[in-house]
Amino acid sequence: MANTFVKNDLHIIFHTKAKTTDVLDKDLTHLHQYIAGIVKGMGGVQIEVGGMSDHVHLLCSLPKTMALADFVRKVKAESSRWIKTLDPHYYGAFAWQEGYAAYSVSTSVLPKVIQYIRHQQEHHKVRTFMDEYKAFLKANGIDYDERYL
C-alpha cells in the first residue's frame, strides 16, 4: 500500500497530582485551548477538551506517527509547564499524576462522548471523579487494583 491511513480516536483522562494545586475556574478554558494547540502541534486532531479543576478529558485523534504514551506524556508536560507561567506563585507546585486512562472511541459514539465532556459540571454534581474513573475502567473491561487509583 502506497499510503498509510490511520484514524485512532481516543478518550484520554488525566488528573492533577495528589496534594497539588487544582486549576482555577478562570484558567480552565485557556488550559483546554492550550491542550488543543499541543495536540494540533503534534499532528493530532483535537475533537473535544474539557474537564474540571482537577482533571482533563481529551477526545482526539492520535497522530499516526506517535505512540500513545509519548503523546500523553508530551500533552501533560507541555500543559503543566505552560500553566505555571500563568501564575508562578499559585501554580508553582502544579503537576499532573503520572498515570492516565485512554480508551478507543468508535466514530459512531463520538457525539455522545463530546456531549459527556461538555457537561462535566453536571456529571460531577452527582458523581465524584473517582466514581467516574472506576465506571470508565469497568465499562472498558480494564482490571485495576483499588490501591493504585
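The values are calculated or read from the model by the stated rules, or taken from the named source; none is laboratory data. All of these numbers come straight from a predicted model, not from anything done at the bench. Don't worry about glycine lacking a Cβ; one is built from the backbone with ideal geometry, like all the others, and counts go over all protein chains shown. Just the protein is used for accessible areas: all its heavy atoms, side chains included, with ligands, DNA and RNA removed. Shrake-Rupley method; radii C 1.70, N 1.55, O 1.52, S 1.80 Å.
Tabulated values for the structure
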read-out: P(r) tail fraction, the range 35-118 - alpha-carbon pairs more than 15 Å apart, %; value: 61
read-out: Pair Arg147, Asp131: separation of 7 Å Cα→Cβ label points (nm); value: 2.7
read-out: Environment charge at Arg118 (Cβ cut-off 13 Å; Lys +1, Arg +1, Asp -1, Glu -1); value: -1
read-out: For the range 4-149, size of Cβ-based charge dipole, Lys and Arg +1, Asp and Glu -1, in debye; value: 260
read-out: Chain lengthening between Lys138 and Thr4 when straightened (0.36 nm per residue, less Cα-Cα); value: 45.0 nm
read-out: Environment charge at Gln33 (Cβ cut-off 15 Å; Lys +1, Arg +1, Asp -1, Glu -1); value: -1
read-out: Above-threshold pairs, the threshold being 21 Å between Cα atoms, out of Lys17/Lys84; Lys26/Lys84; Lys40/Lys74; Lys19/Lys76; Lys7/Lys84; Lys26/Lys125; value: Lys7/Lys84
read-out: Accessible area per residue in Å² at 1.4 Å probe, computed on the chain; value: 60
read-out: Range of Cα positions in the range 89-142 per principal axis (Å), largest first; value: 44, 25, 21
read-out: Relative contact order %, the chain, counting alpha carbon pairs below 8 Å whose residues are six or more apart; value: 31
read-out: Two-site label geometry, Ala93 and Lys26: point separation in nm, points 7 Å out along Cα→Cβ; value: 2.2
read-out: Accessible-area ranking of Val113, Val39, largest first, probe 1.4 Å; value: Val113, Val39
read-out: Column: log10 I(q)/I(0), Debye, Cα scatterers of the chain, q = 0.09, 0.18, 0.19 Å⁻¹; value: -0.28, -1.14, -1.27
read-out: Cα centroid of the range 102-143 to Cα centroid of the range 35-63, whole Å; value: 15
read-out: Apportionment of accessible area to carbon and sulfur, the range 83-149, percent (1.4 Å); value: 53
read-out: From phi via Karplus (6.51, -1.76, 1.60), per-residue ³J(HN,Hα) for the range 4-9 in Hz, x at Gly/Pro; value: 10, 10, 9, 9, 10, 7
read-out: Placed amide H near Trp96: partners under 5 Å, 5+ positions off or other chain; value: Lys17
